[in-house]
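Inspection log for the structure reproduced underneath, given as structure tokens.
The values are calculated or read from the model by the stated rules, or taken from the named source; none is laboratory data. Just so we're clear, the structure is a prediction, and the values are computed from it rather than from any experiment. Every residue, glycine among them, receives a Cβ derived from its backbone with ideal geometry; neighbour counts consider all protein chains shown.
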Amino acid sequence: MPYVHRDDDGRIATVQRHADDACREFVPTGDRELLAFVGVHGAPGGFDELDAGFVRVLEDVIDVLLVKNIMNITDLPEQAQAKLFARKSFRERTAGSALQWRAPTDFGDVI
């Protein structure tokens, strides 16, 4: 059970397992500020969350570069190509509904 001492600005300055005169405030172990203070990866609102959004931006930038023929997919290392294809495939599988009753084809709509 973490107990904290806060600085004059109200930010966590010290964390201890047991309460004492300096650290009296109990903070739940999953508290966002506590997780950020101790540097736990995956803290809500932390870099992991920002990185996930940024990865999507990079994917979109790469797609634009490919569509505009500014670069070829083969310009990237094989590992990067594999990761891009895997993410794109996963996104396509999960983006639409699981059942597509009327999927467009080259032969017109098929039920």
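What to note about this one:
- Condition met for E78 (modelled with pLDDT under 90 and charged (D, E, K, R)): no
- Residues in the stretch 11-30 that are among the acidic types (D, E) and without any contact (Cβ under 8 Å) to a residue 12 or more places away in the chain: D21 alone.
- Tallying residues that are touching an Asp or Glu at 6+ places or on another chain (Cβ under 8 Å) and hydrophobic (A, V, I, L, M, F, W, C) within the stretch 1-33 yields 4.
- In the stretch 1-10, residue surrounded by the fewest Cβ atoms within 10 Å (Cβ to Cβ) [restricted to those that are under 18 Å from A36 (Cα atoms) and without any contact (Cβ under 8 Å) to a residue 24 or more places away in the chain]: D9
- Within the stretch 11-38, the set of residues being among the β-branched types (V, I, T) and loosely packed, with under 14 Cβ neighbours inside 10 Å comprises T14, T29, V38.
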